[in-house]
Amino acid sequence: MRFISMLNRRHIRVKILQILYSQNRSKSTSKDLYGYFNKTSKSFYQFFITQLHFFVLLKEETLRRLEINKNNYFKSEFNFLVDIIVKNKFIEAIENSKYINNYIGKKRN
């Protein structure tokens, strides 16, 4: 999870530099710039959580396809994904994360 915090810090630095540059070029108030920063940071955060949840959806689709392939009579080369996706510890951690599941659940409703 260290990568996640580094990514967030980098994003925040870039946004702050963008805000400082825009303040230099325009006559926006600090309150306007803070509102813009807050809005874009929330949008980035939502995008990031959605990207993490995508791995869970990928795993669900892989399991569904594996189940379909069990019923077929021809040999499938789809089974190599079991080790890569289904048994992946990173995806399991995301899947078991209460925080991500609660966040995605709130956005779906």
Six or more apart or on different chains, Cβ atoms under 6 Å: show the pairs whose first residue is in region 90-104 and under 16 Å from Glu60 (Cα atoms) and assigned to a helix (DSSP H, G or I) and whose second is of a type in the set (Phe, Trp, Tyr) and at pLDDT 90 or above.
Ile91/Phe55; Ile94/Phe55
Give the residues of region 9-21 that are free of Cβ contacts under 8 Å to residues at least 24 places away in the same chain and surrounded by 14 or more Cβ atoms within 10 Å (Cβ to Cβ), sorted by residue number.
Gln18, Ile19
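The values are calculated or read from the model by the stated rules, or taken from the named source; none is laboratory data. These numbers come from a predicted model, not from an experiment. We place every Cβ from the backbone using ideal geometry, glycine too, and count neighbours over all the protein chains shown.
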